[in-house]
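Beneath this line is the structure, given in structure tokens, with notes to follow.
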Amino acid sequence: MQKSRFWVVGGEYTSCDCEQLVQGTERVVGPFDSRTDAERTWRTLSEDHRPQAQVRFTIAQEPPAVTA
């Protein structure tokens, strides 16, 4: 069986182009066994930082791993 894990990653960026994170603001939350759980956390983090235009979060998916 192949199983993937999900992570919520992001932080504050140096500009609204979201190309470079401000050092020390990086956040990695997870792992989550389902995308639904990751989306729930992503939504909460995004809403908490909504007034901050340069803070962004996204969902990253690990490549599937074969588990026994």
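Observations on the structure shown:
- Enumeration of residues in segment 14-30 that are within 14 Å of the chain's Cα centre (by Cα) and either surrounded by 14 or more Cβ atoms within 10 Å (Cβ to Cβ) or not in a strand (DSSP E or B) (or both): C18, L21, T25, E26, R27, V29, G30
- Taking the numbered list (1) outside any loop (DSSP other than H, G, I, E, B); (2) surrounded by fewer than 15 Cβ atoms within 10 Å (Cβ to Cβ) in turn, L45 passes all entries but (2).
- Within segment 48-68, considering residues that are assigned to a loop (DSSP other than H, G, I, E, B) and of a type in the set (D, E, K, R), the one surrounded by the fewest Cβ atoms within 10 Å (Cβ to Cβ): R50
- Among residues of segment 2-25, those that are charged (D, E, K, R), touching a Ser or Thr at 6+ places or on another chain (Cβ under 8 Å) and over 8 Å from Q54 (Cα atoms), counted: 1
- Candidate set from segment 24-68 (those that are at pLDDT below 95 and among the aliphatic types (A, V, I, L, M)); member that is farthest from F6 (Cα to Cα): A53
The values are calculated or read from the model by the stated rules, or taken from the named source; none is laboratory data. None of the values given here were measured: they were computed from a predicted structure. Ideal geometry is used to build each Cβ from the backbone, glycine not excepted, and the neighbour counts take in all protein chains shown.
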